[in-house]
Amino acid sequence: ALIQEIPRYVGKGESISASCETRVDSGFSLGVDLEERNLQKNWDLILAKEQREYAETTRLLLKGNLGLNYRQQALIKHALKRPGFVYTVESHRISHGITPQTARSDLLSLVEQSLLILNQVGKKLFYSP
């Protein structure tokens, strides 16, 4: 293969050398800088829009006539910030220092208002946004 073919092309006392030179001209560098700035600007715009939407959604949910108590409001705020979070009676109970019955009542009320979805795995109940 290649190692066996090298002696045919290289004489005694000669050596093989290879070099690779990478050149980045200022035009390319400038293009990359502009692209990074555009990406950052777009990211900032998207983030600002998400923050406005979050604030508006929170305002509508919590100031509306949904009759949410302060614990339910806190849970909804948390759920808006962390959409993949899963709640249980126990997690809600510990978070607010309430009885299991009160925690269950809070969560079921949010399910009835379609603010949470009830899921069951075996005997365990989970609530998710």
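Within the stretch 95-129, restricting attention to residues that are assigned to a strand (DSSP E or B) and touching a Ser or Thr at 6+ places or on another chain (Cβ under 8 Å), the residue that is farthest from Phe85 (Cα to Cα) is Lys124. Scanning the stretch 76-94 for residues that are in a helix (DSSP H, G or I) and modelled with pLDDT under 95, we see that the one that is nearest to Phe126 (Cα to Cα) is Ala79. I'm trying to understand the selection: among the residues of the stretch 72-107, which are more than 25 Å from the chain's Cα centre (by Cα) and within 29 Å of Arg52 (Cα to Cα)? Result: His96, Asp106. Among the residues of the stretch 83-101, the ones that are touching a residue at least 24 places away in the same chain (Cβ under 8 Å), within 15 Å of Gln73 (Cα to Cα) and either touching a strand residue (DSSP E or B) at 6+ places or on another chain (Cβ under 6 Å) or basic (Lys, Arg) (or both) come to 1 in all.
The values are calculated or read from the model by the stated rules, or taken from the named source; none is laboratory data. Treat the numbers as computed from the prediction; the structure is a model and nothing was measured. A quick note on method: Cβ atoms are made from the backbone with ideal geometry, for glycine too, and the neighbour counts reach across all protein chains shown.
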